[in-house]
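Here's the structure we're looking at; comments come further down.
Just so it is clear, none of the values below were taken in a lab; they were calculated from the coordinates. It should be emphasised that the depicted structure is a prediction, and the values quoted were computed from it without experimental measurement. All Cβ positions, even for glycine, are placed from backbone atoms using ideal geometry, and neighbour counts span all protein chains on display.
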Amino acid sequence: MALLDAEKLNLNVSVFVQVKTNHHDKNWLELFSKTVAQFPEVIEFYRMAGEHNYLLRVLVSDIQSYHRFIRN
């Protein structure tokens, strides 16, 4: 584990992204997890109960970077 100073890394914007899906099988979760892991902006990934199924914590330098992340 490493503790990093987000400000020194110019990661000034922390965003929580909720994901809702109708897919709940093991294969889909494995594919989704592998896909999310490819994005270094995602620093936390949670399975949730309730209306939304997943919660991602995303760290980026600015809102424009967040918009680029969302498009990907």
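Restricting to the range 1-33, count the residues that are aliphatic (A, V, I, L, M), farther than 12 Å from Leu56 by Cβ and outside any helix (DSSP H, G or I).
Qualifying residue count for the region: 8.
Being in a loop (DSSP other than H, G, I, E, B) and over 22 Å from Glu7 (Cα atoms) is the filter here; which residues of the range 34-72 pass it?
Matches in the range 34-72: Gln38, Met48, Ala49, Gly50, Glu51, His52, Asn53, Asn72.
Assess whether Arg47 counts as being charged (D, E, K, R), touching a Ser or Thr at 6+ places or on another chain (Cβ under 9 Å) and exposed (fewer than 15 other Cβ atoms within 10 Å of the Cβ).
So Arg47 fails the test.
For the range 46-60, give me each residue that is under 19 Å from Arg71 (Cβ atoms) and among the hydrophobic types (A, V, I, L, M, F, W, C).
Correct list: Leu56, Val58, Leu59, Val60.
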